[in-house]
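FYI, it's all coordinate maths here, none of it is from the lab. Bear in mind that the values here come from a model prediction, so they are computed numbers and not experimental data. Cβ atoms come from the backbone with ideal geometry, glycine included; neighbour counts cover every protein chain shown.
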Number of protein chains: 2
Amino acid sequence: MNLLKEKIKSDGIVINEHVLKVDSFLNHQVDTKLMDFIGKEFANYFKDKQITKVVTIESSGIAPAYATAFALNVPFVIFKKQSSAILDTETTIQTPVHSFTKNTDYILTASKKYLTEADNILIIDDFLANGQAAMGAYRILKEAGASVAGIGIVIEKSFQDGRKKLESLGLDIYSLAKISKISSEGIEFLD
Amino acid sequence: MNLLKEKIKSDGIVINEHVLKVDSFLNHQVDTKLMDFIGKEFANYFKDKQITKVVTIESSGIAPAYATAFALNVPFVIFKKQSSAILDTETTIQTPVHSFTKNTDYILTASKKYLTEADNILIIDDFLANGQAAMGAYRILKEAGASVAGIGIVIEKSFQDGRKKLESLGLDIYSLAKISKISSEGIEFLD
C-alpha cells in the first residue's frame with residue numbers, strides 16, 4: 001500500500017457512504033511530504049509523455065498540481081471557478097460545470113494566453129467522482145487546441161461513474177487511490 | 001535584484017497605477033522554479049522562528065504557502081473564502097473580510113482543529129495591499145490562541161497602507177518585492 005492509502009486509512013473521516021473527509025492532510029491542512037510523494041508519483045507515471053504544462057482547478061487541486069509540475073519541471077495553470085460568465089471570449093475560454101458533490105454550478109474559466117496548440121497537458125485534480133470538473137477542463141483544453149496527455153487523480157471514487165466518462169474520451173487516467181466502498185466499517189480500495 | 005523582481009519587471013503587466021497583472025507566473029499560470037525560489041527565501045528568513053505551520057488564503061496564496069511549508073518541513077493550512085457565515089462555531093472560526101482590490105466581501109473560514117495554542121504560525125500570501133486579508137487571518141489565529149511568528153508576502157504594494165496596519169500589531173513582515181510605484185513607464189521597487 002502506498003503512503004497516500006495509508007494516510008486515507010488512518011486519517012480519513014467517513015461522513016457517509018459517498019463522502020470521505022480528508023481535511024487533515026489534503027484539502028484544508030496539507031501534508032507537504034505526502035504532497036511531494038503524490039507529485040513524484042504522477043511525474044513518474046507520465047514522464048515519457050512530453051508534458052508541457054499541468055492544468056488544475058482551484059482550489060484543492062493546486063497543491064497536487066504544484067507538486068507534479070515541479071517534479072516534471074514545467075509550469076502549471078489554475079482554472080478558476082467563476083460565478084458568472086465573462087463576455088470577453090477573445091482572451092478567455094469558459095464552460096459551465098455542475099458539481100454533484102456540492103450541488104452547485106460554476107463557470108470554469110481559463111485564459112487563452114497560456115494554452116496553445118503546441119501544449120501537451122496533464123490534468124491533475126484531488127478527487128474524481130462524477131467527472132464533471134475534469135470533463136469541463138477537457139472541453140476548455142480542446143477548445144484551446146491543446147493536446148491532453150492524461151489525467152492524474154489523487155483520490156478516485158471508483159463507485160461513481162467519472163472514470164467511465166473520461167475513458168470514453170480515450171483519456172489515460174492514473175488514480176493514486178481508488179476507493180471501491182466507503183462505509184461505517186471503513187474504506188475499501190480497488191486492487 | 002532577485003529572481004522575482006526580474007520576473008515582475010519582464011513579465012508583469014501594468015493595468016493602471018494600482019493594478020499589476022502577474023497572471024503569467026504567479027496567479028493563473030505558475031512558474032514552479034520561481035515558486036520554489038520564493039518558498040526557500042521565506043523559509044530562510046524565518047528559519048530560526050520555530051514555525052510549526054504555514055497558513056494561507058485560497059487560492060493565489062496556496063502555491064507560495066506550499067513551497068514555503070515544504071522548505072520548512074511543516075504542514076500548511078488553507079483558510080477558505082466563504083460567501084456566507086456557518087453556524088457551527090464549535091469547530092469553525094470565521095471573520096468577515098472586505099477586499100478593496102476586488103470590492104467584494106467574504107467570510108474567511110478556518111477549522112479550529114488545525115490551529116492550537118502550541119502552534120507558531122507563519123502567514124504567507126501573494127499580495128499585500130490594504131492588508132485586509134492578512135488582518136483577517138491574524139484575527140482567526142488569535143481567536144484560536146495560536147502565536148503568529150510573522151508574515152511572508154510575495155509582492156507588497158508599498159504605496160498602500162497594509163504594511164503599516166500589520167506593523168502596528170507588532171508583526172514581522174518579510175516582502176520579497178516591495179513596489180513603490182506602478183505607472184505606464186514601468187514598475188519601481190523600494191530598496
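Please count how many residues of the stretch B:175-191 are surrounded by fewer than 17 Cβ atoms within 10 Å (Cβ to Cβ) and within 25 Å of B:SER147 (Cβ to Cβ).
Here the count works out to 0.
So which residues in the stretch B:74-94 are of a type in the set (A, V, I, L, M) and free of Cβ contacts under 8 Å to residues at least 12 places away in the same chain, if there are any at all?
B:LEU87
List every residue pair whose Cβ atoms lie under 6 Å apart, where the two residues are 6 or more positions apart in sequence or sit on different chains, the first residue falls within the stretch A:1-22 and is at negative phi and surrounded by 13 or more Cβ atoms within 10 Å (Cβ to Cβ), and the second residue, located anywhere, is of a type in the set (Asp, Glu) and in a loop (DSSP other than H, G, I, E, B).
That search, which allows pairs on different chains as well, returns nothing.
Would you point out the residue of the stretch A:35-62, among those that are of a type in the set (D, E, K, R) and in contact with a helix residue (DSSP H, G or I) (Cβ under 6 Å, 6 or more places away or on another chain), that is nearest to B:ALA71 (Cα to Cα)?
Only one residue fits best here, namely A:ASP36.
Let's see how each residue does on (1) more than 24 Å from B:LEU34 (Cβ to Cβ); (2) part of a helix (DSSP H, G or I); (3) touching a His at 6+ places or on another chain (Cβ under 8 Å):
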| residue | (1), (2), (3) |
| --- | --- |
| B:TYR106 | yes, no, no |
| B:ALA118 | yes, no, no |
| B:ASP126 | no, no, no |
| B:ALA133 | no, yes, no |
| B:ARG139 | yes, yes, no |
| B:LYS142 | yes, yes, no |
| B:VAL148 | yes, no, no |
| B:VAL154 | no, no, no |
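A:ALA71 passes all but one of (1) in contact (Cβ under 8 Å) with a residue 60 or more places away in the chain; (2) more than 14 Å from the chain's Cα centre (by Cα); which number fails?
(1)
Find the residue count for the stretch A:54-84, including only residues that are facing chain B (nearest Cβ under 8 Å), under 17 Å from A:ALA134 (Cα atoms) and outside any helix (DSSP H, G or I).
Residues meeting the conditions: 6.
Among the residues of the stretch B:72-123, how many are surrounded by 16 or more Cβ atoms within 10 Å (Cβ to Cβ) and of a type in the set (Ser, Thr, Tyr)?
6
For the stretch B:95-107, which positions are under 15 Å from the mean Cα position of the chain (by Cα) and either among the acidic types (Asp, Glu) or within 13 Å of chain A (Cβ to nearest Cβ) (or both)?
Across the stretch B:95-107, there are no qualifying residues.
Out of (1) within 13 Å of another protein chain (Cβ to nearest Cβ); (2) aromatic (Phe, Trp, Tyr); (3) buried (at least 21 other Cβ atoms within 10 Å of the Cβ), the odd one out for B:PHE37 is which?
(3)
Among the residues of the stretch A:108-136, what is the count of those that are within 14 Å of another protein chain (Cβ to nearest Cβ) and either touching a Lys or Arg at 6+ places or on another chain (Cβ under 8 Å) or not charged (D, E, K, R) (or both)?
11
Which condition number in (1) within 21 Å of B:VAL22 (Cβ to Cβ); (2) without any contact (Cβ under 8 Å) to a residue 12 or more places away in the chain is the one that B:LYS142 fails?
(1)
Report, by residue number, each residue of the stretch B:159-174 that is surrounded by 20 or more Cβ atoms within 10 Å (Cβ to Cβ) and of a type outside the set (A, V, I, L, M).
B:GLY162, B:ARG163
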